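Trainee: Here it is, the structure in full.
FYI, it's all coordinate maths here, none of it is from the lab. As the structure is a prediction and not an experimental result, all values here were calculated from the model. Methodologically, a virtual Cβ is constructed for each residue, glycine included, from the backbone with ideal geometry; neighbour enumeration extends over all protein chains shown.
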Amino acid sequence: MDCMTSGEGFGLLGEHLSHSFSPEIHRELGGYAYDLLPMPPEAVGDFLRRRAFRGINVTIPYKQTVIPYLDHLSPRARALGAVNTIVKDAEGLLTGYNTDYAGFQTMLERLHPDIRGRKCLVLGSGGASHPVAACLRDLGAGDVRVISRRGEDNYTNLNRHRDACLLVNATPVGMYPHNGERLVNLDDFPALCAVMDLIYHPARTALLLDAERRGIPHINGLLMLVAQAREASQLFTGRVIPLSEVDRVTARLETRSRNLILIGMPGSGKSTVGRILAKRLGREWLDTDSMIESAAGRCCGDLIRQEGENAFRQRETAALREAGKQSGKVISVGGGAVTRPENRDLLRQNGWLIHLDRPPEVLSMAGDRPLSANRQALLQRYAERKPLYEAWRDLAVSADTPEKAADQILAWLGDKSTLPG
């Protein structure tokens, strides 16, 4: 009988939880087993009535659903009307808490926008938005407006809020698997000093990528997730967890979950280095050229010759859209992926771009691509693409062997002992 079945376990209650980081976070912070408890709405009541747990966290869409089944609410949970942590005491009574407030406060303090006396917008009126709005008010925001689909402040009259200095997305819009979706256009808010998104998968939502392009300070919800888990873990165990643990666990999760995406010219060794990295890190390796060939039933060289380069690039973008949604992978992409601007967001949403920067005279001419048969054409493409690689990359690696390139990448990621695998 596992700990949850015996009534002594911890876990996360929600509807769709397959990509949750919570089990790893709680193992790191508290050293206990932690289960995912996905269930449909009709099952939540029976689960809570059985009380077969020691403590649970609650995520969307059940932060308000659980309240009628609890014996007590903390003052903050009662004020917010939302619960994300439930603890069972020695008598079997359930108390609901809200640790999202503390988690968001940590996130806000890290980004440190100047909100005192200024307008802040919170997108969404669900359970996630309540602690956000309350925290902003408590920390001195001048005017906190909650934007909903049908409220007085909604998505049809956003023009009245062009003076907002902070925008917080507290909705699931843009979360995996619906990557790329957004509720607002940042051009409509010329006074923004910061953008915050409670979503952490993908690491860069479309909203955060928009902020990045505009040079607006921004942050995703991973730090908040870990900070609120620290508060919950302390409630579960009664033990004080140093605040420094939040930074340690957040950094580890970010390193583990980001894709390592290899870009560079054909013949630069992306596939070889990708395989080496995947093996060393215990990650899955994806090759987008192989994905294209598998879907088309033809090799990339034949596709370019038979359909033309533009049609091939469309196929490539489709493969990058699928690969870019993944997390924790090593991904090798075709040399020409950088020629389509839309591909940049597809890759950056959940990954770090690593440029294998090798001079054209040492590039391998093996392969079935048209460039592989023509050194002059290769040199011309190198000159065209080099500025794009430089603009897109997070890291440049110029090692003369695949093994040394992998070593450089691992050194950049940090101490190998902190990496999975």
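Trainee: So, in nm, how far is label ARG116 from label ARG78 when the simple model puts each one 7 Å beyond its Cα toward the Cβ?
Mentor: Modelled inter-label distance: 3.2 nm.
Trainee: Additional query: Relative contact order for region 280-386: what percent, with Cα pairs under 8 Å and sequence separation of 6 or more?
Mentor: Relative contact order comes out at 28 percent.
Trainee: Another question, then. Please report the net charge: other residues with Cβ closer than 10 Å to the Cβ of ALA319, K and R +1, D and E -1.
Mentor: Spelling it out: positives minus negatives among the neighbours equals -3.
Trainee: Using each residue's phi in region 209-217, evaluate 6.51 cos²θ - 1.76 cosθ + 1.60 at θ = phi - 60° and report the 3J(HN,Hα) Karplus result to the nearest Hz, with x for Gly and Pro.
Mentor: Karplus-based 3J(HN,Hα) across region 209-217 equals 5, 4, 5, 4, 4, 8, x, 8, x Hz.
Trainee: OK, next. Residue-wise, which Karplus ³J(HN,Hα) couplings in Hz belong to region 224-229, taking 6.51 cos²θ - 1.76 cosθ + 1.60, θ = phi - 60°, and x for glycine or proline?
Mentor: For region 224-229, the Karplus curve yields 4, 4, 6, 5, 6, 5 Hz.
Trainee: Normalised by the number of residues in region 113-220, what is the relative contact order in percent for Cα pairs under 8 Å and 6+ residues apart?
Mentor: 25 percent
Trainee: Let me ask something else about it. Using a simple charge model, +1 on the beta-carbon of Lys and Arg, -1 on the beta-carbon of Asp and Glu, nothing else, what dipole does the chain show about its Cα centre, in debye to the nearest 20?
Mentor: Here the size comes out at about 320 debye.
Trainee: Taking the Cα centre of region 74-138 as origin, sum charge times position over the Cβ atoms of Lys and Arg (+1) and Asp and Glu (-1), and report the length of that vector in debye to the nearest 20.
Mentor: Computed about the Cα centre, the dipole is about 280 debye.
Trainee: Each residue of region 33-43 in turn: what ³J(HN,Hα) in whole Hz from Karplus with 6.51, -1.76, 1.60 and θ = phi - 60°, glycine and Pro shown as x?
Mentor: 5, 8, 9, 8, 10, x, 7, x, x, 5, 9
Trainee: Another question, then. Grab the DSSP H runs of the chain that are 4 residues or longer, score each as -39,500 (n - 2.57), total them, divide by all residues and round the 222 nm result to the nearest 500 deg cm²/dmol.
Mentor: -12000 deg cm²/dmol
Trainee: Find how much the distance from THR401 to ARG137 grows on full extension, using 0.36 nm per residue of separation minus their present alpha carbon separation; answer in nm with one decimal.
Mentor: That works out to 89.5 nm of additional length.
Trainee: Relative contact order of the chain: what whole-number percent is it, with Cα pairs under 8 angstrom and at least 6 residues apart?
Mentor: 12 percent
Trainee: Follow-up question, since we're still on this one. Could you name the lysines in cross-link range of LYS270, using Cα to Cα under 26 Å and dropping any fewer than eight places away on the same chain?
Mentor: Answer for LYS270, where 26 Å is the Cα cut-off: LYS279, LYS325, LYS329, LYS386, LYS404, LYS416, listed by chain and number.
Trainee: Which cross-chain or sequence-distant (5 or more) residues have an amide H under 5 Å from the amide H of LEU12, H modelled 1.01 Å from N in plane?
Mentor: Here the answer is ASP35, LEU36, LEU37, ASN57, since their amide H atoms fall under 5 Å of that of LEU12.
Trainee: Quick check on the exposure proxy: order GLU403, GLU91 from fewest to most C-beta atoms within 10 angstrom.
Mentor: GLU91, GLU403
Trainee: If amide hydrogens are placed 1.01 Å from N in the peptide plane, which non-local residues have theirs closer than 5 Å to the one on ASN259?
Mentor: GLY328, LYS329, GLY351, TRP352
Trainee: Something else about it: If we sort 259-265, 379-385 on the protection proxy, mean other Cβ atoms within 10 Å, highest first, what's the order?
Mentor: In decreasing order of mean packing, 259-265, 379-385 become 259-265, 379-385.
Trainee: Give the label of the value calculated from the structure for Cα extents along the principal axes in Å, choosing from (1) 66, 52, 46; (2) 76, 57, 38; (3) 105, 63, 39.
Mentor: (2)
Trainee: Sticking with this structure for a sec: Excluding MET175 itself, what net charge comes from residues whose Cβ is under 10 Å from its Cβ, given Lys and Arg +1 and Asp and Glu -1?
Mentor: In short, -2.
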